[in-house]
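Novice: Please read through the structure below; I'll follow up with questions.
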Amino acid sequence: MLASINPLGERARGTRFARTFVWYLAGSIAGGALVGGTLGTLGAGVRSLIDPTSTAIAIAVVMVCVIGIVLDLGITGVQLPSPRRQVNEDWLATYRGWLYGLGFGFELGLGVVTVVATSAVYVMLVLELLSGTLGAGLAIGATFGATRALPLLAVGRVRDPAQLRHALRRADRLAVGVDRISRLSVMVLALTALGVVIAGGGA
C-alpha cells in the first residue's frame with residue numbers, strides 16, 4: 001500500500017496525499033468498527049443464551065491465543081488461513097483519490113478480506129465476539145482500523161523517488177519487528193487470560 005498511495009503517486013494522479021490519507025483512515029476505521037460492532041452484538045446475543053463465566057471466557061481466550069501462536073510459528077506445518085487477494089490497484093487509475101482511499105481503507109479495516117499476515121487479527125475478532133457488547137466491539141474494531149491505516153504515514157513526507165525507495169526499504173525492515181510485536185502481544189494476552197483462569201479456579 002505504501003508503494004501505491006504516497007505523495008508522489010497522488011501528485012501524479014492530480015490529488016493530494018493528505019486528503020487521500022484522511023479518507024483512507026476513515027474507511028479503515030469504519031471497516032474495523034463495522035466488523036467489531038457486528039461481532040460484539042452477536043456476542044451479546046450468545047451471552048444472553050449461555051451466560052458464560054469470566055473463567056470460561058478467559059479459557060476461550062487462552063485457547064484461541066495458543067492456536068494463533070502455533071499457526072504463526074508453523075509448529076504443526078499448518079499455515080495461517082488467509083485470503084489470497086489484495087486490494088484492486090486498478091482503482092488508482094479509475095477513481096478519484098477520496099474514493100479509492102475510502103475503499104482501500106475499508107477493505108483493510110475489515111481485516112479478513114485481504115491477506116492476513118498474523119494470527120493477531122483472528123484473536124482480535126474473537127475478542128470482539130467475547131466482549132459481548134456493541135460498544136466494546138466497536139471500540140476494538142475502530143482501534144484496529146486506525147492502527148491498520150497509520151503505517152501509511154511512513155511515506156507522508158516523501159518528496160522524490162529516492163526518498164520513497166528509502167521509506168519502502170525502512171518499512172520492510174520494520175515489518176519484521178511488527179510481526180514479532182504482534183506475536184508477543186498474543187502471548188501476553190494468553191498469559192493474562194491464563195492468570196484469570198488460575199484465579200478463577202482457586203476461588
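Novice: What FRET efficiency comes out for the pair residue 12/residue 115, r = Cβ-Cβ distance, R0 = 25 Å, nearest 0.05? Walk me through the intermediate numbers first.
Specialist: Details: r = 26 Å, r/R0 = 1.04.
E(calc), rounded to 0.05, equals 0.45.
Novice: Compare the peptides 86-94, 185-193 by average per-residue count of other Cβ atoms within 10 angstrom and give them in order, highest first.
Specialist: Sorting 86-94, 185-193 by mean packing, highest first, produces 185-193, 86-94.
Novice: Ranking 170, 183, 84 by Cβ neighbours within 10 Å, fewest first, what do you get?
Specialist: If I rank by nearby Cβ atoms, fewest first, I get 84, 170, 183.
Novice: At 7 Å along the Cα-to-beta-carbon direction for both residue 176 and residue 89, put a label point, then send me their distance in nm to one decimal.
Specialist: Output for this residue pair reads 2.4 nm.
Novice: Using label points projected 7 Å from each Cα along Cα→Cβ, tell me how many nm separate residue 53 and residue 165, to one decimal.
Specialist: Roughly 6.2 nm, to one decimal.
Novice: Ok, one more. Tell me whether the chain comes out rounded, prolate or oblate; compute the Cα gyration tensor, take square roots of the eigenvalues as a ≥ b ≥ c, and use a/c under 1.5 as the rounded threshold.
Specialist: Values: a/c = 2.70, a/b = 1.81, b/c = 1.49.
Verdict is prolate for the chain.
Novice: A follow-up question, please. Take every Cα pair under 8 Å in the range 7-201 that's 6+ residues apart, average their separations, divide by the length, and report that relative contact order as a whole percent.
Specialist: Relative contact order for the range 7-201 comes out at 41 percent.
Read-outs throughout are calculated quantities, based only on the coordinates presented, and are distinct from any laboratory measurement. The structure presented is a predicted model; accordingly, all values stated were derived computationally and were not measured. Cβ sites come from the backbone with ideal geometry, for glycine too, and all protein chains shown count toward neighbours.
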